[in-house]
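What follows is one structure encoded as structure tokens, with my remarks underneath.
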Amino acid sequence: MWIDQRGSEVLTVPECHRLLAVAAKSGGVGRLAGGGDDAPIVVPVNFAVHDRQVLIRIGTGTLATLAIGRLVAFETDDVDRVAGQAWSVLVRGLATTVEPTEMFDPSHLPHPMAPTPGNTLLVVRPDVVSGRRFALRDDTGDADEPSSTGEPRQ
């Protein structure tokens, strides 16, 4: 196990893929980021995972324009306050579209919560996959309460 300079456990690629699959199966939400002309955009999305690829249903519009045929980033995470830990997985890769019937069983397709989710199936190729797991901090002090030196806590 490797711990980074901030105390987070650096996850192996297989563990990242496992966590992605678990999050997708449990109905987790991820964020899809694409580069815009003026600024990047990040959109919350429902997703599925099949053969280590992230599947997202989108409609026409800005997100489709910024994502299809381009490099994107997809991130999902989980916070377990009972266990006192959290994790985050980032997938970066080329986003392309496919016909849902072309290569996927309908049970593998994402089920968006949006009222009109769109019919374009976006596939994010996992070119670069990374992740971190870390213990949640136990912040029991009040940030406005002075420390023992009389200075406000930061």
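The values are calculated or read from the model by the stated rules, or taken from the named source; none is laboratory data. If you're wondering where the values come from, they're calculated on a predicted model, not measured in any experiment. We place every Cβ from the backbone using ideal geometry, glycine too, and count neighbours over all the protein chains shown. Please note that ligands, DNA and RNA were not included when accessible areas were found on the heavy atoms of the full protein model with its side chains. Shrake-Rupley method; radii C 1.70, N 1.55, O 1.52, S 1.80 Å.
Screening region 88-99 for residues that are under 13 Å from the mean Cα position of the chain (by Cα) and open to solvent by 30 Å² or more (accessible area, probe 1.4 Å) and picking the one that is farthest from P14 (Cα to Cα) gives R92.
Take the residues of region 28-49 that are of a type outside the set (A, V, I, L, M, F, W, C) and modelled with pLDDT of 90 or more: which is nearest to L109 (Cα to Cα)? Among residues in region 28-49 that are of a type outside the set (A, V, I, L, M, F, W, C) and modelled with pLDDT of 90 or more, the one nearest to L109 (Cα to Cα) is N46. Considering only residues in region 1-44 that are farther than 22 Å from D80 by Cβ and assigned to a strand (DSSP E or B), the one that is most open to solvent (accessible area, probe 1.4 Å) turns out to be V42.
Taken together, the residues in region 64-85 that are open to solvent by less than 30 Å² (accessible area, probe 1.4 Å) and not in a strand (DSSP E or B) amount to 4.
When G59 is tested against (1) surrounded by 15 or more Cβ atoms within 10 Å (Cβ to Cβ); (2) touching a residue at least 60 places away in the same chain (Cβ under 8 Å), only condition (1) is not met.
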